[in-house]
Amino acid sequence: MADHAGTFVWYELTTPDVAAAQAFYGAVAGWAIVDAGMPGIDYRLATVGDVRICGMMASAGCEAPAGTRHGWLGYVGVADVDASAERVTAAGGRITFAPRDIPGVGRFCMAADPQGAAFALFRGDGPPPPMPPRGTPGPFAWHELHARDWEPAFAFYAGLFDWETSMAVDMGPMGTYQVFARNGVDLGGMMSAPLPTAPSWLFYIAVEAIDAAAERVAAAGGTVLQGPHPVPGGDWIVQAQDPQGTPFALVGPKPAA
């Protein structure tokens, strides 16, 4: 986990209808989704080729705290879950689900930052499998925090995960969009979201062509909320909701007509 400490290493969707979510994301992101074979729980794994991308499970009967029972949750790799959990609380965050072992997988806990955005800590029992090159369609490619105030939020996460500031984008009346990085690699961005938006993380799935992916969202029963919009670096983004109302986003190129 040393090479992946401080980066997002897993993603998990908790949803009211896991079968419908499987059909939707399979169509939109091109994931192959299969039952994980975990006793006593309907947990499904999404893959692209041989690479595991994320997990999905039904919110009914979920042990997670109420605030994380519906939506996407990102897991950040750490060297020691228990020690990192103590650092979360010392920095003003909360542990919402105490550290627990997953036999044969690793150890994790769920947390919330001081402004209420949910995330998780994870330490695997072995090294994570290699990920495909950045920009490959299918994996999550960007991580965006919508905070009450991004500056203290950044300080919180920087203290936990050694994140550093990268490019800052002036969005005019919307304020600053601050890109964050680790070891010189950009991981995502943070911004101060207007009220009454609840602080939360938004995860972007890489796609092969943004317009075609946006059309798949609508065709599969989801809703495009914003975009496609260009972003620095040449990519385009779409922000959307799946049919169960869960926010997610897409990022990819806009091929010339």
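Quick check, is ALA206 under 17 Å from the mean Cα position of the chain (by Cα), open to solvent by 20 Å² or more (accessible area, probe 1.4 Å) and aliphatic (A, V, I, L, M)? Judged against the criteria, ALA206 is not a match. Within region 164-182, the set of residues being touching a residue at least 40 places away in the same chain (Cβ under 8 Å) and either open to solvent by less than 40 Å² (accessible area, probe 1.4 Å) or in contact with a Ser or Thr (Cβ under 9 Å, 6 or more places away or on another chain) (or both) comprises VAL169, ARG182. The residues on offer are ALA198, ALA213, ALA240, and the sole one that is closer than 30 Å to GLY26 by Cβ, at pLDDT below 95 and open to solvent by less than 70 Å² (accessible area, probe 1.4 Å) is ALA198.
Of all the listed residues (ALA23, ALA98, ALA60), the sole one being assigned to a loop (DSSP other than H, G, I, E, B), among the aliphatic types (A, V, I, L, M) and open to solvent by 60 Å² or more (accessible area, probe 1.4 Å) is ALA60.
Taken across region 130-140, residues that are at pLDDT 95 or above and either in a strand (DSSP E or B) or farther than 30 Å from ALA209 by Cα (or both) do occur, with at least one present. Scanning region 1-20 for residues that are open to solvent by 20 Å² or more (accessible area, probe 1.4 Å) and either acidic (Asp, Glu) or part of a helix (DSSP H, G or I) (or both) yields ALA2, ASP3, HIS4, ASP17, ALA19, ALA20. Reported count of residues in region 27-47, each being under 11 Å from GLY138 (Cβ atoms) and crowded, with 18+ Cβ neighbours inside 10 Å, is 4. Residues that are touching a helix residue (DSSP H, G or I) at 6+ places or on another chain (Cβ under 8 Å) and part of a strand (DSSP E or B) within region 231-257 comprise TRP236, ILE237, VAL238, ALA240, LEU250, VAL251, GLY252, listed in sequence order. State all residues of region 26-53 that are without any contact (Cβ under 8 Å) to a residue 60 or more places away in the chain and assigned to a helix (DSSP H, G or I); if no residue qualifies, say none. Listed by number, the list holds a single entry, GLY26.
The values are calculated or read from the model by the stated rules, or taken from the named source; none is laboratory data. As the structure is a computational prediction, the values presented were derived from the model and not from experiment. Cβ coordinates were reconstructed from backbone atoms using ideal geometry, including for glycine residues, and neighbour counts include every protein chain displayed. For the accessible areas, the whole protein counts, side chains as well, though only heavy atoms, and no ligand, DNA or RNA atoms are used. Shrake-Rupley method; radii C 1.70, N 1.55, O 1.52, S 1.80 Å.
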